[in-house]
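So the structure is just underneath, and the comments pick up after that.
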Amino acid sequence: MEIRMKALAYATLFIASLALPTLGSAQNSPKKSSKDEAAPASAAWPTRAVKILVGFPGGSTPDMAARTLAEPLSRVLGQPVIIENRPGASGNIAADLVAKATDDHTLGVVINGNLTSAKLLYSKLPYDPAKDFTPISLLTTAPLVLVAPANQPSGSDFFVAARNGGDKWNYGSVGNGSVGHLGMELLKTTAGKLEAVHVPYQGNPQVVTALLGGQIQMALVPPGIALPQVRAGKLKAIGLTSGRSALATEIAPLADAGIRDFNLEVWTALVGPASLSKAAQARLSQEVSKIIREADTRQKLFNQGWQAVGTSPEGLLSRIRTETAAMASIIAMRGIKVE
């Protein structure tokens, strides 16, 4: 009961505002010279091309977000900004390369799992999300959509049917430890008495096929995946995992179906290694926040299925800490491990 109450409490804290300026504590951060501490956040950095590593293939939504940022960032920095795709291990390979970079010009566009649940799921994760990164900015967010076969009831009636279905019902995700998996386990706790069994698939197209075929009864998927099927009448949208969203204006929040205190989003962030100079962090935070909020950038990201955010390092760190706490509760409760 105590663990469940913690999970319910943490589920309301995905967006918060109190934090410290770095992912690691002051005593764990690499010591900077007095010259570095005093460096202006202007022309002294960068001195050469900036590389941004992305842990997913070209054309993926994190990759598109990184490439949307790269061109305007290159203009304001006066140096090339190169995107390098290093896919694998749900983005953890690229995250590890960023964590170990020492050239002061290597950054990473990562997803929430790399900074929150990865350490909880992988016992041999080669980096420590809490110590090995310098936060720069939360870039983009998107809710997920709880979808079901078209013949299922809507709203609160759906959850009545789901509770009655017990462990005869299944839900799908793109794999153990994915946001769709952890989010559904959190939803089961929040909604109460849901016992649907997890069925992992290779990707969202396979999840949708299973929904259409009746092999699974529900899943959390991105709006871009859900909306075409919902609009065609092939799937039913039960609700969004956040408040109302411009990305899916016709879909109501899960709160309208009686699921209170539940907020879950997927997101991307820009980070550097813990060794990143303060001059680089300060300039990047300032410039990236401006770029992300520009109308042209916002529209491009919206077309990709993202809501543009752009935060301070403190705002990103706050998001990481609250979401890590929520994921820690549900992972411990369910005994979830990837390895």
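The values are calculated or read from the model by the stated rules, or taken from the named source; none is laboratory data. On a predicted model such as this, the values are computed, not experimentally measured, just so you know. FYI the Cβ positions are ideal-geometry reconstructions off the backbone, even for glycines, and counts take in every protein chain you see. Remember, those area values only see protein heavy atoms, side chains included, never the ligands or the DNA or RNA. Shrake-Rupley method; radii C 1.70, N 1.55, O 1.52, S 1.80 Å.
If I compute solvent accessible area with a 1.4 Å probe over the protein chains, what percent of it on the stretch 88-230 is carbon and sulfur? Here it works out to 53 percent.
With charges set only on the Cβ (+1 for Lys and Arg, -1 for Asp and Glu), what does the dipole of the stretch 54-146 come to about its Cα centre, in debye to the nearest 20?
Working: 7 positive and 8 negative charges, 36 e Å.
Rounded to the nearest 20 debye, it is 180 debye.
Is the stretch 234-339 rounded, prolate or oblate when judged by the Cα gyration tensor, a ≥ b ≥ c being the square roots of its eigenvalues, rounded requiring a/c under 1.5 and prolate requiring a/b larger than b/c? Oblate is the answer for the stretch 234-339, as a/c is 1.5 or above yet b/c matches or exceeds a/b. Taking the longest Cα principal axis of the chain as reference, the axis of helix 179-191 is set at about 50 degrees.
Taking 7 Å steps out from each Cα toward its Cβ at residue 294 and residue 246 produces label points 1.7 nm apart.
Placing +1 on the Cβ of every Lys and Arg and -1 on the Cβ of every Asp and Glu, with no other charges, gives the stretch 211-271 a dipole of roughly 200 debye about its Cα centre.
Summarising the label geometry, the points placed 7 Å from Cα in the beta-carbon direction at residue 195 and residue 93 lie 4.1 nm from one another.
For the cross-link pairs 124/188; 119/236; 51/278, the ones whose C-alpha atoms lie over 23 Å apart are 124/188; 119/236.
In summary, the aspartates and glutamates within cross-link reach of residue 337, defined as a Cα separation below 14 angstrom excluding same-chain residues under 8 places away, comprise 185. Looking at the chain, the accessible area is 42 square angstrom per residue; that uses a 1.4 Å probe and ignores ligands, DNA and RNA. Placing R0 at 41 angstrom, the Cβ-Cβ distance between residue 75 and residue 164 gives a FRET efficiency of 0.10 after rounding to 0.05. Using C-alpha pairs below 8 Å separated by at least 6 residues, the relative contact order for the chain is 32 percent.
When the chain is treated as a GNM with alpha-carbon contacts under 10 Å, the residue of 304, 202, 281 showing the greatest mean-square fluctuation is 202.
Compared with the direct C-alpha span, the chain from residue 156 to residue 206 gains 15.3 nm at full extension, assuming 0.36 nm per residue.
Restricting to DSSP H runs of at least four residues, report the calculated mean residue ellipticity at 222 nm for the chain, -39500 (n - 2.57) per run over all residues, nearest 500 deg cm²/dmol. It would help to have the intermediate numbers written out before the result.
On the way: 13 runs with 138 residues, N = 339.
The helix-only estimate for the chain comes to -12000 deg cm²/dmol at 222 nm.
Restricting the trypsin sites (Lys or Arg not before Pro) of the stretch 77-146 to loop positions (DSSP other than H, G, I, E, B) with no more than 13 neighbouring Cβ atoms within 10 Å leaves 124.
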